[in-house]
């Protein structure tokens, strides 16, 4: 028989998780493995059972993919939640489109959360789902499905 365990998060826990996500967002935008190193739990499991150091190497390879001038000029970060086999985990989406500040055609630069990469702009998109414990990121994974809002799930309860 299965036991259903419902956990409630306090306001303090929610604020702490938000602060960790903001720190991760800034570290990823700045391509700082040093800052990410400080945010990850050394005993955590990342990206399908990778260790702490393997996760840092993966982030370094992500940074190398977007280390060109056209992608550095405009970085978009959106937030949302997972709605796959581990629902309601926070998700950060990083979008790196080719950007020319001197072009007047920038209407398609800020796409909404969850949109497919813009092929016209050679956009690279990273989405990460997080599990945070005691002020550290304990788990990071790539979500299969995500949504910008949990309003539908909240209204169903």
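Any read-out appearing in this document is the output of simple, stated calculations on the displayed coordinates, not a laboratory observation. Note that the structure is a prediction, hence the values are computed from the model and not measured.
What is the projected area of the convex hull of the Cα atoms of the stretch 62-121, averaged over all directions, in nm²? Intermediate values should be presented prior to the final figure.
Working: hull surface 19.3 nm².
If I average the Cα hull's projected area over directions, I get 4.8 nm².
Over what distance in Å are the Cα centres of the stretch 111-157 and the stretch 38-53 separated?
Cα centroid to Cα centroid, the span is 19 Å.
If a/c stays under 1.5 just call it rounded; otherwise compare a/b with b/c (prolate if a/b is bigger, oblate if not). Do that for the stretch 33-157, with a ≥ b ≥ c from the square roots of the Cα gyration tensor eigenvalues.
Oblate, since a/c reaches 1.5 and b/c is not below a/b.
If you line up the long axis of helix 52-65 against the longest principal axis of the chain, both from Cα atoms, how many degrees apart are they, to the nearest 10?
For 52-65 against the chain, the angle is about 20 degrees.
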